[in-house]
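A short write-up of the structure that comes next.
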Amino acid sequence: MSDTVIIKNVYKKYKMHTKPSEKLLDVILPGGYGEDFYALQNISFTAKRGDVIGLVGVNGSGKSTLSNIIAGVMPPTSGIVETVGQTSLIAIASGLNNQLTGRDNIELKCLMLGFTKQQIKAMEPEIIEFADIGKFIDQPVKKYSSGMKSRLGFAISVTVDPDILVIDEALSVGDQAFAQKSKNKMFEFKERGKTIFFVSHSMGQVKEFCEKAVWLEYGEIKQYGPVSEVIPEYEKFLKWYKSMNKEEQKKFREEVIRKQSGPVAVQN
């Protein structure tokens, strides 16, 4: 199978600011201003055509940051990201304009993906049917619930038929019927050999849907391999973490923050 996503030595650095004036200094000063925070450090792995990879980790581990980098929504601070084919990100409200109607958002997002107005007109009925949000399709997205936003974003992303699909917690909202319809669509994509990244806190969904998993622990890859090997180890970690008292958890988080303040030298 050919490689579709290649990630080499990827870092993502942010500056921590305590007040608005520091953001301005960060823009003005040559070296920036504020304490460094590395959401990702030295991330390297390869995905192949047909891979379905779960991205797991506790909150703050860098899952959504990595998802956005793979999807091309944000660039890495350093490192190499190569993708083969069109990539689409499915996340709650991802790429949706709150001021526009659902129908207008379909056109806008599809135009940004390179489709012509004629192609969009042909795809629109399928997108609207899949989203199944009724008359809200002609209401501003700001009136939507999080579940409705997720449904519309999911419907657009799967209908444009991308080569690489990045799903970030998109099935954590909405009703059970839509979740099943979405899973059926993802299984169809899986059978067609597309590359899929699946971010979820539900280990049941990851085990059901994914063959491989990337376990991120506060910006670094803790383990990458078959789900049957990675998820049991991750579940052991969760059990261990939850067994700690508040003081032990506090010390653990402090050590993590220290590590995320940055490496000795960022690699390129």
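On full extension of the chain, what length is gained from Ser261 through Lys222, given 0.36 nm per residue of separation minus the C-alpha to C-alpha distance?
Here the segment from Ser261 to Lys222 would lengthen by 12.3 nm.
What residue among Ser150, Ser21, Ser61 has the largest mean-square fluctuation in a Gaussian network model of the chain, using Cα springs under 10 Å?
Ser21
Any idea what the dipole of the stretch 50-243 comes to, in debye rounded to 20, about its Cα centre with Lys/Arg Cβ at +1 and Asp/Glu Cβ at -1?
440
How far apart, in nanometres, would the label points at Glu235 and Ser2 be if each is projected 7 angstrom from Cα along the Cα-to-Cβ direction?
3.7
Tell me, Val206, Val56 in order of fewest to most beta-carbon neighbours within 10 Å?
By the 10 Å Cβ count, ascending, the order reads Val206, Val56.
Putting +1 on Lys and Arg Cβ atoms and -1 on Asp and Glu Cβ atoms, find which of Ile6, Cys110, Asn59 reaches farthest to the positive end of the dipole of the chain.
In the chain, that residue is Asn59.
Quote to one decimal, in nm, the extra length available between Ser145 and Asp132 on full extension: 0.36 nm per residue of separation minus the C-alpha distance between them.
Stretched fully, the Ser145-Asp132 segment lengthens by 3.3 nm.
Rank the residues Phe187, Phe209, Phe45, Phe154 as a footprinting-exposure proxy: fewest other Cβ atoms within 10 Å of their Cβ go first.
Arranged by neighbour count, lowest to highest, Phe187, Phe209, Phe45, Phe154 become Phe187, Phe45, Phe209, Phe154.
Name the long-range amide H neighbours of Val199: under 5 Å, sequence gap of 5 or more, or other chain; modelled H, no Pro or chain starts.
Counting only residues 5 or more places away or on other chains, the set is Leu55, Ile167, Asp168, Glu169.
Can you give the FRET efficiency to the nearest 0.05 for Gln99 and Asp161, using r as the Cβ-Cβ distance and R₀ = 25 Å?
The value I calculate is 0.35.
So how do Ile80, Ile137, Ile106 line up by other beta-carbon neighbours within 10 Å, fewest first?
In order of increasing Cβ crowding within 10 Å: Ile80, Ile137, Ile106.
Compute the FRET efficiency between Asn245 and Phe45 as 1/(1 + (r/R0)^6), taking r as their Cβ-Cβ distance and R0 = 35 Å, and round to the nearest 0.05.
Efficiency at R0 = 35 Å is approximately 0.50.
Read-outs: derived from the displayed coordinates by stated rules, not from any lab. Predicted model, so just to flag it, every value in this text is computed and none were measured. Every residue, glycine as well, gets a Cβ built from its backbone with ideal geometry; the counts of neighbours run over all protein chains shown.
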